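One structure below.
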Amino acid sequence: MKEVLVLVPCRDRHRQMLRQAGACRIMFGEDLSPEQRAQAIAHADAIVGEPEIAEIQTAEKLAWIQMTWAGTDKYTCTSGFPQEIALKTASGAFGAVIAEYVFGGILSLYRRLPSYREQQKRHIWRDCGSERTIEGSRVLILGAGDIGEHLAGRFQAFGAHVTGIRRTA
């Protein structure tokens with residue numbers, strides 16, 4: 001039976017769902033001592049999370065690492081990563097969430113919400129000056145991948161003219 005080691009924290013209901021899938025033996029790194037973790041890595045067929053390169057040097061049959069972020073630099077820009085291990089990224093999984101976070105931050109600054117929040121804490125209310133609107137503004141997005149595309153949609157919905165650029169066509 002294949003062994004999968006999950007190194008990222010999981011809620012109980014997600015653990016249960018993974019165990020019920022039943023196709024493999026699931027182990028959770030947060031339940032293991034450092035010695036048990038090292039043994040689990042040594043025997044895992046797949047890992048969800050980002051173990052250190054030194055940790056996977058002892059992996060006997062590791063074929064796949066499912067990363068929880070989009071970039072692989074941790075492994076591909078460092079020597080010593082075993083070439084036979086397939087790296088899978090979470091690229092495309094966070095576009096909508098990160099775009100909302102970025103858009104919310106920009107909207108907050110345009111409307112001077114941090115300044116007004118500080119005033120509210122001190123029980124005062126003064127005009128903090130003119131505010132900007134997104135409508136009619138020009139937005140340049142550097143990096144028109146998944147996050148950039150979602151962010152562009154948010155700005156366009158507010159009436160901005162959006163231009164996105166990226167390294168590749």
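Brief remarks follow.
- Of the set (1) at pLDDT 95 or above; (2) in contact with a Gly (Cβ under 7 Å, 6 or more places away or on another chain); (3) open to solvent by 40 Å² or more (accessible area, probe 1.4 Å); (4) of a type outside the set (Val, Ile, Thr), all apply to ARG154 but (2).
- Condition broken by PHE28, with the remaining ones in (1) closer than 18 Å to PRO82 by Cα; (2) touching a residue at least 12 places away in the same chain (Cβ under 8 Å) satisfied: (1)
- Residues located in the stretch 43-91, provided they are of a type outside the set (S, T, N, Q), modelled with pLDDT under 90 and within 22 Å of ARG25 (Cα to Cα): GLU60
- Residue in the stretch 118-129 that is under 25 Å from ARG25 (Cα atoms), part of a loop (DSSP other than H, G, I, E, B) and either touching a residue at least 24 places away in the same chain (Cβ under 8 Å) or open to solvent by 40 Å² or more (accessible area, probe 1.4 Å) (or both) present: no
- Residues located in the stretch 131-145, provided they are open to solvent by less than 50 Å² (accessible area, probe 1.4 Å), touching a residue at least 24 places away in the same chain (Cβ under 8 Å) and under 20 Å from GLY95 (Cα atoms): VAL139, ILE141, GLY145
The values are calculated or read from the model by the stated rules, or taken from the named source; none is laboratory data. As the structure is a prediction and not an experimental result, all values here were calculated from the model. Positions of Cβ are generated from backbone atoms using ideal geometry, with glycine treated the same way; all protein chains shown enter the neighbour counts. Accessible surface is based on the protein model in full, side chains and every heavy atom, while ligands, DNA and RNA are left aside. Shrake-Rupley method; radii C 1.70, N 1.55, O 1.52, S 1.80 Å.
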